[in-house]
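Visitor: This structure is in structure tokens; I'll ask about it shortly.
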Amino acid sequence: MTAAVAVAEKQNRYPPGDLVIWIFILAELLVFAAFFSAYAFTRMNNVELFNEFQQNLDRQAALINTFALITSSYFVVRAVSAIREGNSQHCVRWLLAALVMGVVFLVVKGGEYSHHLGEGINLSTNTFYMFYISLTFFHFMHVIMGMVILAAVAIKAQKGGYSAAEHTGVEAGASYWHMVDLLWLILFPLVYVMR
Amino acid sequence: MSRQTKFGIRPCTWVYLFLMFFSFVTFMIGQAGLSGLEVALAVLILALIKGQLVGHYFMGLGSVRGIWHWPVFIWLFIPGILIGTAFYLSYSTG
């Protein structure tokens, strides 16, 4: 088996990026799966309460945030494609565009929190808001974490730290960011739409 | 992911457009105030399909063979079943 074939074989057997980041991603996904299930089963015994207060949520803001995260994820896919072609500058530009979308998410979500806090809503207002605030804020923190990772990857890429042959860091950061997007794609319909 | 289709559009771009469109559909369902078990399950299934597309095309698991091909699919399947069951029970007991 030639070295090139061996590398291709290895790439086909393992996900993009470092295996450690995937262990971390799986752990995060499991925690959110427990949260989502807890929300659904708690709702089962409080259907009227959940349906009533779900109507108070800003669904348009949630849509903007959904668009922002999907778009940022797409930009990150393009960043990975660029570095695989050895184009560091394009990779950096796509990563910066993804970060801008991340900022959009934080600003819109921050506005939502500000609105709720202004109405005197907090974790102890009722069971629905306890889940809404906990779930979305936990996800909010993951967005911030993802942005820190993407920024670190962008800085290293800017310095020429990645190449077409070695770009594990870009793929690892991208995988984490896609996880953040994936979580929101379930969270958005579950909390804002399903009733 | 960098392959071009015959229309000159990358597969990831098609997936992106699909995700955006069906997120808007989900939003419109919410705006219309549609409710009921069938609607909830349809929205859930749509979300699971979108999640699988992210795993397959964006995370790159579609081109991975063996056990690492499946983690996102399995992750979507388990909470999907649990959430679906909870909504089913909330309607059947309510």
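Visitor: Is segment A:164-179 home to any residue that is more than 14 Å from chain B (Cβ to nearest Cβ), touching a Cys at 6+ places or on another chain (Cβ under 8 Å) and modelled with pLDDT of 95 or more?
Guide: Scanning segment A:164-179, I find no residue that is more than 14 Å from chain B (Cβ to nearest Cβ), touching a Cys at 6+ places or on another chain (Cβ under 8 Å) and modelled with pLDDT of 95 or more, so the answer is no.
Visitor: Follow-up. Residues of segment A:21-30 being in contact (Cβ under 8 Å) with a residue 40 or more places away in the chain and open to solvent by 40 Å² or more (accessible area, probe 1.4 Å), which ones?
Guide: Result: A:F24, single match.
Visitor: Something else now. Could you list, in sequence order, the residues of segment A:100-122 that are part of a helix (DSSP H, G or I), touching a helix residue (DSSP H, G or I) at 6+ places or on another chain (Cβ under 6 Å) and surrounded by fewer than 20 Cβ atoms within 10 Å (Cβ to Cβ)?
Guide: Scanning segment A:100-122 gives A:V104, A:V108, A:E112.
Visitor: Please state which one of B:G94, B:G84 is at pLDDT 95 or above, in contact with a helix residue (DSSP H, G or I) (Cβ under 9 Å, 6 or more places away or on another chain) and at the interface with another protein chain (Cβ under 9 Å from one of its Cβ atoms).
Guide: Just a single option satisfies the conditions, and that option is B:G84.
Visitor: Taking segment B:27-74 as the region of interest, how many residues are assigned to a loop (DSSP other than H, G, I, E, B) and within 18 Å of A:E28 (Cα to Cα)?
Guide: 2
Visitor: List pairs: first in segment A:150-178 and farther than 23 Å from A:I70 by Cα, second aromatic (F, W, Y), Cβ under 7 Å, 6+ apart or cross-chain?
Guide: A:K156/A:Y162
Visitor: Output the residues belonging to segment A:123-139 that are touching a residue at least 24 places away in the same chain (Cβ under 8 Å) and either open to solvent by less than 30 Å² (accessible area, probe 1.4 Å) or assigned to a loop (DSSP other than H, G, I, E, B) (or both).
Guide: A:N126, A:F128, A:Y129, A:F131, A:Y132, A:L135, A:T136, A:H139
Visitor: Among the residues of segment B:30-47, which ones are at the interface with chain A (Cβ under 7 Å from one of its Cβ atoms) and surrounded by fewer than 21 Cβ atoms within 10 Å (Cβ to Cβ)?
Guide: B:Q31, B:S35
Visitor: Any residue at all in segment A:44-58 that is surrounded by 17 or more Cβ atoms within 10 Å (Cβ to Cβ) and away from chain B (no Cβ under 11 Å)?
Guide: Yes, segment A:44-58 contains a residue that is surrounded by 17 or more Cβ atoms within 10 Å (Cβ to Cβ) and away from chain B (no Cβ under 11 Å).
The values are calculated or read from the model by the stated rules, or taken from the named source; none is laboratory data. The structure displayed is predicted, hence computed values, not measured ones. Cβ: placed from backbone, ideal geometry, glycine included. Neighbour counts: every protein chain shown. Remember, those area values only see protein heavy atoms, side chains included, never the ligands or the DNA or RNA. Shrake-Rupley method; radii C 1.70, N 1.55, O 1.52, S 1.80 Å.
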